[in-house]
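What follows is calculated from the coordinates using simple rules that are stated; it is not laboratory data. Keep in mind it's a predicted model, so treat the numbers as computed, not measured. Here the Cβ is made from the backbone with ideal geometry for all residues, glycine too, and neighbour counts use every protein chain on show.
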Number of protein chains: 2
Amino acid sequence: MTAGRAFDPARLRQLGTRLLVAVGAPEDEAQIVAEELVEASLMGLDSHGVIRLVQYANDARAGKIRPGAPVAIVRQTPTTAVVDCGLNFGPVTARRMVAIATEKARAAGLACVVSQNGQHVSRLGSYTQKLAEGGLVGLAFANSSRHGHWVVPWGGRDGRLATNPLSWAVPTHGDPIVMDMSTSMISEGKLRVLRNQGRPAPVDAIQDADGNATTDPNQFYGPPRGTIRPLGGPVGYKGFGLGLLVEIMGGCLAGNRTSDDLPYVNGLCLLAIDPGPLAGGPSFVGLMDDLVAYVGSSRPAPGSSEVVLPGALDFRTRQQRLQTGVPLDDETWGQLQEAARQLGVAVPD
Amino acid sequence: MTAGRAFDPARLRQLGTRLLVAVGAPEDEAQIVAEELVEASLMGLDSHGVIRLVQYANDARAGKIRPGAPVAIVRQTPTTAVVDCGLNFGPVTARRMVAIATEKARAAGLACVVSQNGQHVSRLGSYTQKLAEGGLVGLAFANSSRHGHWVVPWGGRDGRLATNPLSWAVPTHGDPIVMDMSTSMISEGKLRVLRNQGRPAPVDAIQDADGNATTDPNQFYGPPRGTIRPLGGPVGYKGFGLGLLVEIMGGCLAGNRTSDDLPYVNGLCLLAIDPGPLAGGPSFVGLMDDLVAYVGSSRPAPGSSEVVLPGALDFRTRQQRLQTGVPLDDETWGQLQEAARQLGVAVPD
């Protein structure tokens, strides 16, 4: 990451929208994508934020992403839906899935919505957060197609799963609790940063191409290519089990075969639960407030300044960046300017 | 663990049934409990197996477990149910919940069934396994009431959650895939074994009462009492997030407040998904077969003999123990004999 400066989020949204319209996106889709990416950056999740704009634009130009492609429900019941995303932008199709899941869960108590032909969804927690903002308990699972299988099964040498994130969120009277995590020890994005900085990977996180533990990110990138271990260190069979669950929910439930080389990027599964018929909606939100207070009342351990619940730091970063702007390094800003130049798009002031 | 020998599972089931009938259980409930505990032992999960028989009998005599208590659906919709377990034996009420979840998921596609006043459910994976044997995708979450809160939030010093296990299972044409894991670095039961053996706990697994990392199990037991860290080591915020999810699903969705001191032991949440309306039932089972083959085709890493899917080793142990018997150490067998003597129960040959 080179030196950089901070940008007004509205300006980034406008630039993003213009870039995506220039590569063929309808205005409303371009706005959704720009909004989701800027929002991820506002929350501090930069690897899933504005840095992806140029990638999305390039993928659209290359035909990998198909702006404007119809998003169709292939089959549905009152509680379930299989959605063909047609390789449209991930944030566009994931938002549509959130709307379907919300409607079904409110009517039927529960909903499970899965995707086929889904592109990169960016920040998974955005979609569970939206379910929670609608008063629901939201769970999300995102697998990746075979070409992203860098993560080994427990005790294995060959990658068989992606970093397979899962997310959940619940409503409170304040910000929702939003958990968003990969099921591996480290993400490929973080490894890339460590390699560029010449720093080692954590112990137990990666293997070389022969399956030996290493902390050298270069051994992962090879050639020959190494692998990533599942979450858990000495109990990595747990992370492996979680990664498999994500594969099954995000991929197989929609009919995708794990070993096939399909054109999708992320398979998304949304599970939505209306707490109304269970704990009762208002009671449940009260219980979540209490959970936040009770868990947060744990004194910090030595070396830790406070105990926070999942997502709390992200919401704090968002408040801060709404004031100070979204920091972008010079390289990312340069890429955005170059893309604007190539596409004949005016960079907004 | 003292020296011991192996016992015929039928003999253990019979003894268990007699002991539980002697403490007031109806014959059918006693049979279910004995069957579940012997089954856990057959699968090698001894800490949740026959060793619990005497504990269950004692708890029933002390009024903590209430044999014969009615299991009532407090409220329900076509997709959801809240079940009051009345502090009856956990395996009895959990099996009833499996039946409810199966029926609802088959009719409505999805089901979520949660418990109030639930006792110890023993092997959580038994219930997702049963859902999978019924052709469903099963997920289960089991929280514990406040007195079991040994696990710290990430960066915390005071315990706020239990070891909060989760389980999932899916059907294949062979044995189902069955994952069953705690969301902490180690369970209390394993710490007890390590302490008794004078062996250290794994790195990053436990803290002393001041919140400092330690590998000395005695520092956990105190006094003053220490704590257990969430799954993940350097990324323990992930295990913390999973533990919170289990608390919310297993406890709060049924209306239980995490900070209250309620008489239940485990809050159980079962989620059942019929793959039929999604991938299609037969297609889905085929996809699971392929998943087993594809993941299992990863070459083992150095130091590992094979890659196996979750539950596979347990089913292998079961086959073995059906031949060789269930091994019990002398102390456990002695306790069973003593309980039989006290209750005037004949130990079957």
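Between this copy and the others, label points of A:GLY68 are 7.4 nm apart in ascending order, each placed 7 angstrom from Cα in the Cβ direction. Other residues within the sphere of radius under 14 Å centred on the Cβ of B:GLY286, judged by their own Cβ, net out at -2 (K and R +1, D and E -1).
Relative contact order, whole percent, for segment B:206-349 stands at 8, derived from Cα pairs under 8 Å and 6 or more residues apart. Measuring nothing but how far apart in sequence close Cα pairs (under 8 Å, 6+ apart) lie, relative to its length, chain A scores a relative contact order of 22 percent.
The tail of the calculated P(r) for segment B:45-107, taken as Cα-Cα distances beyond 20 Å, holds 38 percent of the pairs. From the alpha carbon centroid of segment B:255-294 to that of segment A:250-329 is 20 Å. Couplings for segment A:25-41, taken from phi via the Karplus curve 6.51 cos²θ - 1.76 cosθ + 1.60 with θ = phi - 60°, read 7, x, 3, 5, 5, 4, 5, 4, 5, 4, 4, 5, 5, 5, 4, 4, 5 Hz in order; Gly and Pro are left as x. Each peptide in A:325-337, B:192-204, A:84-96, A:144-156 was scored by the mean count of other Cβ atoms within 10 Å over its residues; highest first, the order is A:84-96, A:144-156, A:325-337, B:192-204. Inter-copy label distances at B:HIS173, using a point 7 Å along Cα-to-Cβ, come to 5.7 nm with the shortest given first. Summary of packing: across the peptides B:223-230, A:312-319, the per-residue average of other C-beta atoms within 10 Å ranks them, highest first, as B:223-230, A:312-319. For segment A:39-177, what does the alpha-carbon gyration tensor say about shape, rounded, prolate or oblate, given a ≥ b ≥ c as the root eigenvalues, a/c under 1.5 as rounded, and a/b over b/c as prolate? Judged from the Cα gyration tensor, segment A:39-177 comes out rounded (a/c under 1.5).
For the segment B:152-163, counting C-beta atoms of other chains within 10 Å of every residue's C-beta and taking the mean gives 6.
Look at the dipole of chain A built from charges on Cβ: of A:ALA140, A:ALA209, A:PRO67, the Cα furthest out on the positive end belongs to A:ALA209. Peptide A:133-146 is shielded by partner chain Cβ atoms: per residue, an average of 1 of them sit within 10 Å of its Cβ. Using a Förster distance of 35 angstrom, determine the FRET efficiency expected from the C-beta separation of A:ARG192 and A:ASP349, and round it to 0.05. My answer for the efficiency is 0.60.
In terms of Cα atoms, the Rg and Dmax of segment B:166-205 work out to 14.9, 44 Å.
Within straight-line reach of B:LYS130, meaning a Cα separation under 12 Å, sit the following aspartates and glutamates at least 8 residues removed in sequence or on another chain: B:GLU36, B:ASP175.
Which shape class, rounded, prolate or oblate, goes with segment A:195-238 when its Cα gyration tensor gives a ≥ b ≥ c as root eigenvalues, a/c under 1.5 marks rounded, and past that a/b bigger than b/c marks prolate? Cα axes put segment A:195-238 in the oblate bin.
Peptide A:205-215 has a mean of 2 when you count, residue by residue, the C-beta atoms of other protein chains within 10 Å of its C-beta. Taking each of B:LYS104/B:LYS238; B:LYS190/B:LYS238; B:LYS64/B:LYS238; A:LYS190/B:LYS190; A:LYS104/B:LYS104 in turn, the alpha-carbon distance tops 26 angstrom for B:LYS104/B:LYS238; B:LYS64/B:LYS238; A:LYS190/B:LYS190. When all alpha-carbon pairs of the protein assembly as shown are counted, what percent fall beyond 40 Å? Pairs farther apart than 40 Å: 30 percent.
Within segment B:169-291, the ratio Rg/Rh, alpha carbon atoms throughout and Rh by Kirkwood, equals 1.09. Net charge dipole, segment B:1-121: roughly 140 debye, given to the nearest 20, about the Cα centre with Cβ charges of +1 for Lys and Arg and -1 for Asp and Glu. Across the options A:PRO275, A:ALA293, A:LEU244, the greatest Cα extent toward the positive end of the charge dipole of segment A:230-326 (unit charges at beta carbon of Lys, Arg, Asp, Glu) belongs to A:ALA293. Over the residues of chain B, the helix contribution to mean residue ellipticity at 222 nm works out to -12500 deg cm²/dmol, using -39500 (n - 2.57) for each DSSP H run of at least 4.
Summed over all non-identical Cα pairs, the Kirkwood treatment of segment A:229-323 gives a radius of 17.6 Å.
Using only side-chain charges placed at the Cβ, +1 for Lys and Arg and -1 for Asp and Glu, the dipole size of the protein assembly as shown relative to its Cα centre rounds to 0 debye. Among B:ILE65, A:ILE51, the order by Cβ neighbours within 10 angstrom, fewest to most, reads A:ILE51, B:ILE65. Annotation: the residues B:VAL345, A:VAL121, sorted from fewest to most other C-beta atoms within 10 Å of their own C-beta, follow the order B:VAL345, A:VAL121.
Karplus-based coupling profile of segment A:100-116, in residue order and whole Hz: 5, 5, 5, 4, 5, 5, 5, 7, 10, x, 9, 8, 10, 10, 10, 10, 10, with θ = phi - 60° in 6.51 cos²θ - 1.76 cosθ + 1.60 and x standing for Gly or Pro.
If you average the alpha carbon positions of segment B:45-108 and of segment A:193-209, how far apart do those two centres end up, in angstrom? Rounded to whole Å, the Cα centres lie 47 Å apart. Plainly put, the tip 7 Å out from Cα toward Cβ on B:ARG225 is 4.8 nm from that tip on each other copy, the closest given first.
Near B:THR163, the amide H atoms lying under 5 Å from its own belong to B:TRP150; only residues 5 or more places off or on other chains count, and H is placed 1.01 Å from N.
Please label the shape of chain A as rounded, prolate or oblate, based on the square roots a ≥ b ≥ c of the eigenvalues of the alpha-carbon gyration tensor (a/c under 1.5 means rounded; beyond that, a/b larger than b/c means prolate, else oblate). Rounded, since a/c falls under 1.5. Over every Cα atom in segment A:1-101, the radius of gyration and the widest Cα-Cα span, Dmax, amount to 14.7, 52 Å.
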